[in-house]
Amino acid sequence: MKTKVVSGKKLTVPRALLLDFGGVIVETSRVPGWEARLARHIHELLADLKPAVDSHDVEQIASDIKAGCTADSHWKNAMSRPFAPRELRQEEFWGDFVAADWPQKSRDAVVQQASDLCRRMGNMRSTRALRDGILDLLDIAEAAGVQLGIVSNALSGQVHLDFLQERGLTSRFAVEIHSDAAGVRKPNPEMILLAVRRLGLVPSEAWYVGDNFDRDVLCGKRAGIGGNILMEAEGTYHMPYDLKVAPDAIIAGPRELIQLFQNAQRGKAA
């Protein structure tokens, strides 16, 4: 499959290739019933409090987790509008979005465990599989001397790092920027600027590849990225608001990104 859309800009070989995680490096699938599994863990956590408190039952905890995730989704959509949005802190997610009406002691308990709970939640609610062709892409970029990086929004970037470590891929990336650690989230251009600064580059020397218009393409435009690439994934065209921003190219997956990269090596138009 060929590149579907181009901006008319001639892409040159980048010195760094920055990739979003979900939708670009991996495809994710939701795990049915994950809320109940996490709720049982939290119920046990609250049952160990001394002295004991009158906490919600497992079903109510699961309902509050689901409500918190819905609120988080709406918050993320809203935060794709400002120029420089911050990231939601893990403690805010649990204390304000999930446990807002819990007894104070119960709320304090999940806030104190926010990092671990976010990591558990990320690993429980989704399965992840490498996108077809992504390993070939990494090999080709490395062979060309192109540095690789990850720039990704994440309530728990540790979930992504766990995945990479389990598959022996951690060393393939020279830089990983996750929004929970950075304190800002895409489309804040600082996400990309952090990555290129750590690589000793400027934005015009890099390509950024994401799967959303409102987070990724807009972030690349604001940062002045050299190649602004949109890779199609589930949800790519489900935009929260009308957005008149176009990438340099729209591709179907990693194999089309390889073609785009090789065309740049040969000096061909995208």
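Among the residues of the range 240-257, those that are open to solvent by 20 Å² or more (accessible area, probe 1.4 Å) and either more than 14 Å from residue 210 (Cα to Cα) or among the small types (Gly, Ala, Ser) (or both) comprise 240, 241, 242, 243, 244, 246, 252, 255. Output yes when any residue across the range 236-249 is under 14 Å from the mean Cα position of the chain (by Cα) and not in a helix (DSSP H, G or I), and no when none is. Checked against the condition, which is being under 14 Å from the mean Cα position of the chain (by Cα) and not in a helix (DSSP H, G or I), the range 236-249 yields at least one hit.
In the range 64-92, the residues that are outside any loop (DSSP other than H, G, I, E, B) form Cβ pairs under 8 Å with partners that are hydroxyl-bearing (Ser, Thr, Tyr) and open to solvent by less than 20 Å² (accessible area, probe 1.4 Å), at six or more places apart or across chains, as follows: 90/156.
Scanning for something in the same structural domain as residue 255 (by the TED database) and open to solvent by 40 Å² or more (accessible area, probe 1.4 Å), does the range 100-114 turn up at least one residue? Taking every residue of the range 100-114 in turn, none turns out to be in the same structural domain as residue 255 (by the TED database) and open to solvent by 40 Å² or more (accessible area, probe 1.4 Å). Just to be sure, is residue 142 more than 17 Å from the chain's Cα centre (by Cα) and either surrounded by 15 or more Cβ atoms within 10 Å (Cβ to Cβ) or on the phi < 0 side of the Ramachandran plot (or both)? Considered against the rule, which asks whether it is more than 17 Å from the chain's Cα centre (by Cα) and either surrounded by 15 or more Cβ atoms within 10 Å (Cβ to Cβ) or on the phi < 0 side of the Ramachandran plot (or both), residue 142 comes out as yes.
Taking the condition over 12 Å from the mean Cα position of the chain (by Cα) and either of a type in the set (Phe, Trp, Tyr) or buried (at least 20 other Cβ atoms within 10 Å of the Cβ) (or both), does residue 149 pass? Spelling it out, residue 149 is indeed over 12 Å from the mean Cα position of the chain (by Cα) and either of a type in the set (Phe, Trp, Tyr) or buried (at least 20 other Cβ atoms within 10 Å of the Cβ) (or both). Scan the range 38-59 for residues that are surrounded by 14 or more Cβ atoms within 10 Å (Cβ to Cβ) and outside any loop (DSSP other than H, G, I, E, B) and the total you get is 8.
The values are calculated or read from the model by the stated rules, or taken from the named source; none is laboratory data. Keep in mind the model is a prediction, meaning the values are calculated, not measured. With ideal geometry, Cβ positions are generated from the backbone for all residues, glycine too; neighbour counts draw on all protein chains shown. Side chains included, ligands, DNA and RNA excluded: accessible areas come from the protein's heavy atoms. Shrake-Rupley method; radii C 1.70, N 1.55, O 1.52, S 1.80 Å.
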